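Notes to accompany the following structure.
Just so it is clear, none of the values below were taken in a lab; they were calculated from the coordinates. Computed from a prediction, not measured in an experiment: that's the story for all the values here. Heads up, the Cβs are rebuilt from the backbone with ideal geometry, glycines too, and the neighbour counts pull from every protein chain shown.
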Amino acid sequence: MGRRIVVAVDEGEESLHALTWCLKNVILPSASAQESSSGGDEGDVLVLVYAPPPRLYYPAMDGTGYIFSTDIITSMENYANELAKSVIAKAEMVCAEYPNVKVETKVKDGDPRM
């Protein structure tokens, strides 16, 4: 049975560099070893995880007296969702250069530092 290797990705170039390093130094060497073995084993699965920063709580009225409409809050949530899709798409493009790699993606809410 193959391994499940988790790589966290975010908006920064550093995470794409870390993903590339993982593909070259962790995934590919083990894939070569599996090809030379007797077969029958499943290969490794790379799990890409994006944990967007926690959404800030916006009360209906902030301390300065401005009111946030539901349209503004909805717009901010839509932006966060589009950002998550963009980050995952970039990471999948990097993985596409390695056609023998099985990739799963996960977007999980929460503090990415935890």
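Fewest neighbouring Cβ atoms within 10 Å first, the residues Met93, Met76 line up as Met93, Met76. Taking other C-beta atoms within 10 Å as the exposure proxy, Thr70, Thr105, Thr20 rank Thr70, Thr20, Thr105 from fewest upward. Between Ile73 and Val107, the distance separating the two model label sites (each 7 Å from Cα on the Cα→Cβ line) works out to 2.0 nm. Taking the number of Cβ atoms within 10 Å of each Cβ as an exposure proxy, the fewest-first ranking of Glu11, Glu104 is Glu104, Glu11.
For a straight C-alpha distance cut-off of 19 angstrom, the lysines reachable from Lys24 (same-chain residues fewer than eight places away being disregarded) are Lys90, Lys102.
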